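Worksheet: the structure to be examined is printed underneath.
The values are calculated or read from the model by the stated rules, or taken from the named source; none is laboratory data. The structure displayed is predicted, hence computed values, not measured ones. Here Cβ is always computed from backbone atoms with ideal geometry, including for glycine, and neighbour counts include all displayed protein chains.
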Protein chains: 2
Amino acid sequence: MATEKGLRERKKEQTREALSWAAIRLTVERGFDNVLVEDIAAAAGVSARTFNNYFSSKAEAIAARHADRGRRIAAELLARPADEPLWTAITEAVVAGFTGAPGGQTDPGPQWRKQVPIMLDSPALQGEFLRANAAVEADILAAISARTGIDSGQLYPKLLAGTVGAAILAVLDHWRQAEDPPPVAELLREAFGLLAQGPPTR
Amino acid sequence: MATEKGLRERKKEQTREALSWAAIRLTVERGFDNVLVEDIAAAAGVSARTFNNYFSSKAEAIAARHADRGRRIAAELLARPADEPLWTAITEAVVAGFTGAPGGQTDPGPQWRKQVPIMLDSPALQGEFLRANAAVEADILAAISARTGIDSGQLYPKLLAGTVGAAILAVLDHWRQAEDPPPVAELLREAFGLLAQGPPTR
DNA sequence: CGAAAACTTGCGCGGCGCGCAAAAAGATGT
DNA sequence: ACATCTTTTTGCGCGCCGCGCAAGTTTTCG
């Protein structure tokens, strides 16, 4: 009668999420430097020491939410019809990664627009976020490789995956800074559309 | 009798460089976690406290070398003939940023091939290096904006600058991991050449 | 030369990340 | 149901980091 998996693993996943969300929430509320690991742990009902069993830094706990997207995007990319043009598949997979949410909302709603910047002005956060994005790129790279059969050690696929990652960052940055930006999904489609035309000739 | 600039600024620049190089050298020799701030400071003939006046972390001191490239690339980009196609100008500017070295070598020679990876397996280093690359992108973005007249707040130029940054990372990563890689400059030209053709249609 | 400005240094504090070993909690066999 | 094994949580302690502060020291400039 086991619900798919052992109780153990479920609990782990649970506290991991709890910690991650608590870290995000508190950071948004008070700012990164005004949140102690202790606070996060307490908010998740766990000891401070345990926090570091899950994440090796405050920043990592926060960025983990973004890193997860990599897996979702990769999965979606592999699930797409094999005869679909690669760029289209990538575009849709990425969009899906930002809209398709498991359980909760993932596409950051308007309420986040104002809060997210607060997080990103902490240097440590920036670095960790970029690291997470690198992880996303790695996942995408693997998926591209699996899909096309091109060895992931080649320069070209790396370039491709890197471009995708950069596009994601550019979109998020734009969404973050623009006056009254369109939804992320829309921006993503626009970005990938622009990229599809290659760099400017002039 | 001032040699261009005040003595003060020259000294500052000097210790900054000394600290940065010392940090790199020691990290390469012993590994990031086995280097104390104290050691770096000592190697540069300065107090530990002073180190943190220049850099706010060990990682930053190391990544600073990469961040500097941004300025050089941007300068080169602006110095190029205005009627040159943008993508060509960017390519050459980036290449110049990796080959043109002020005083010392900048294009990492073969001796670095084996050492650089040692640095990058420290999480903190990775994050900081990506941050430095983001700074490089920002410089490039500004230069692109200045050159084309397109507002840097627009999505498109951000996308462009981001792509350039991603290409640099991809190249370095490839150079780092490949068996017996060509010089960086060559890889860069190859990468930008590939990007010039846009994403794959299939 | 003497006052002002900029930089360096020592000291101390709060916090972090982790190794370690004991306790607690889930899993497993009979 | 119980005893046992495995995995996770927890408390404690250590070394290090990054920074505020308040002297000292050095450069600049009138």
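Values as computed for the structure displayed
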| read-out | value |
| --- | --- |
| Single condition B:GLU13 does not satisfy, out of (1) surrounded by 19 or more Cβ atoms within 10 Å (Cβ to Cβ); (2) more than 14 Å from every other protein chain (Cβ to nearest Cβ); (3) within 13 Å of DNA strand C (Cβ to nearest atom) | (1) |
| Residues satisfying the stated conditions in segment A:43-59, i.e. within 14 Å of chain B (Cβ to nearest Cβ) and either free of Cβ contacts under 8 Å to residues at least 60 places away in the same chain or more than 9 Å from DNA strand C (Cβ to nearest atom) (or both) | A:ASN52, A:PHE55, A:SER56 |
| Some residue of segment B:29-42 being within 12 Å of DNA strand D (Cβ to nearest atom), acidic (Asp, Glu) and away from chain A (no Cβ under 14 Å) | yes |
| Answer from A:ILE90, A:ILE62 - the residue that is buried (at least 20 other Cβ atoms within 10 Å of the Cβ), among the hydrophobic types (A, V, I, L, M, F, W, C), assigned to a helix (DSSP H, G or I) and within 12 Å of DNA strand C (Cβ to nearest atom) | A:ILE62 |
| Segment B:145-163, subset assigned to a helix (DSSP H, G or I) and more than 10 Å from chain A (Cβ to nearest Cβ), residue surrounded by the fewest Cβ atoms within 10 Å (Cβ to Cβ) | B:ALA146 |
| Search result, residues across segment B:110-129 that are aromatic (Phe, Trp, Tyr) and either at pLDDT 95 or above or assigned to a loop (DSSP other than H, G, I, E, B) (or both) | B:PHE129 |
